[in-house]
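These notes are about the structure you will find just below.
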Amino acid sequence: MLNPRRLAILRAVLAAGSINKAARNLSYAPATISQHMSALAKETGLILFEKQGRGIGPTDAARHLADQAAPLLADFGRLERVVADLRGGQAQHLAIACFASAAERWIPEVVRTVRRHQPNLTVEISLNEPVDGRGRRQPDLDLRTEPVNGADVHLDGYQRHELIVEELVAVLPVAHPLAGAGELTLRDLEPEPWIDHDIYDSPIGQIIVTACRAAGFTPRHAARLDDHRAALRLVASGIGVTVLPRLAVAELPGGLVVKPLVRPAVLRRIVVHSRQDRRRGDLIARAVAQLHDSARESA
């Protein structure tokens, strides 16, 4: 059986560029690193390093092995955290999966709320759009975006809570010809270059694309990325316009204006799925209650 620690050391050696540099980074003796690499070569039956000039360098097999080991090591790290939870009675961590604007606007108060109740708690926050969740804990709270006219999604072992239906808005530079309008239709934005903040086509991006199709056009993108804050900077620089949820435009960079969208209005529903766990039910309930409070304040 392969030793995960040796796989991690192999990745450290490749990242550092040499055994000596990896030894310094890991606070090991170079001989110790070499012993681990020799043992890994025996375990795998592969030649991992070969002479290159006066030194040695990794083989293609070593690079491929290191690449393939990445998801395994992430899962192993998650397993180690599970073991730590079991030793500690599963009472010292709360895992939250959410999208970026919720992490910025709502989650800080959730963390303060649950840690007032349990001061030694560690809250782990991860983005669930668009990553696949490898290496993180199973979430105790999972915040998601849904289309308002879509079917309700229910997750096994979780209770569903609807938090808010939120409108999406157009964001334009203050010097844009449309900046003085009281409201805009989606068709008003059809000829504009668009900044897409959801290159991975997660739920919020699908809602926007569906609304544009309903308005009879497909956006012409000047840039696509996966960060709404960076998208706002591109809009501020005059490259194009974007459409974002109100939660994501609570703090605008200078030089931008927000306009309501009509015909059609573009909406999303935000829900949270709370894990059904009797041992931590009170803690999870406090977090859900705070999310409801934050959603009401946003509305």
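The values are calculated or read from the model by the stated rules, or taken from the named source; none is laboratory data. Please read these numbers as outputs of a predicted model, since none were measured by experiment. In this analysis, Cβ positions are derived from the backbone assuming ideal geometry, glycine residues included, and neighbour counts consider all displayed protein chains.
The rows are residues; the columns are (1) among the small types (Gly, Ala, Ser); (2) touching a strand residue (DSSP E or B) at 6+ places or on another chain (Cβ under 9 Å).
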site: 155; (1), (2): no, yes
site: 167; (1), (2): no, yes
site: 210; (1), (2): no, no
site: 222; (1), (2): yes, yes
site: 235; (1), (2): no, yes
site: 243; (1), (2): no, yes
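Cβ-Cβ contacts under 7 Å between residues 6 or more apart (or on different chains), taken from a first residue in the range 170-194 that is closer than 13 Å to residue 234 by Cβ to a second residue that is surrounded by fewer than 19 Cβ atoms within 10 Å (Cβ to Cβ) and charged (D, E, K, R), are listed as 193/220; 194/220.
Condition check ((1) surrounded by fewer than 21 Cβ atoms within 10 Å (Cβ to Cβ); (2) not hydrophobic (A, V, I, L, M, F, W, C)) across all residues:
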| residue | (1), (2) |
| --- | --- |
| 229 | yes, yes |
| 238 | yes, yes |
| 241 | no, no |
| 255 | yes, yes |
| 271 | yes, no |
| 278 | yes, yes |
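Being within 30 Å of residue 226 (Cβ to Cβ), among the β-branched types (Val, Ile, Thr) and modelled with pLDDT under 95 holds for only one residue in 82, 110, 13, and it is 82.
Is it the case that residue 40 is assigned to a helix (DSSP H, G or I) and either under 34 Å from the mean Cα position of the chain (by Cα) or within 30 Å of residue 140 (Cβ to Cβ) (or both)? Answer is yes for this residue. Beta carbons closer than 7 Å, at least 6 apart along the sequence or on distinct chains, pair a first residue in the range 108-128 that is hydroxyl-bearing (Ser, Thr, Tyr) with a second that is part of a strand (DSSP E or B) for 122/93; 126/97. For beta carbons closer than 6 Å, sequence separation of 6+ or different chains, a first residue in the range 154-166 that is under 16 Å from residue 268 (Cβ atoms) and a second that is in a loop (DSSP other than H, G, I, E, B) and of a type outside the set (D, E, K, R), the qualifying pairs are 160/154; 164/299; 165/148.
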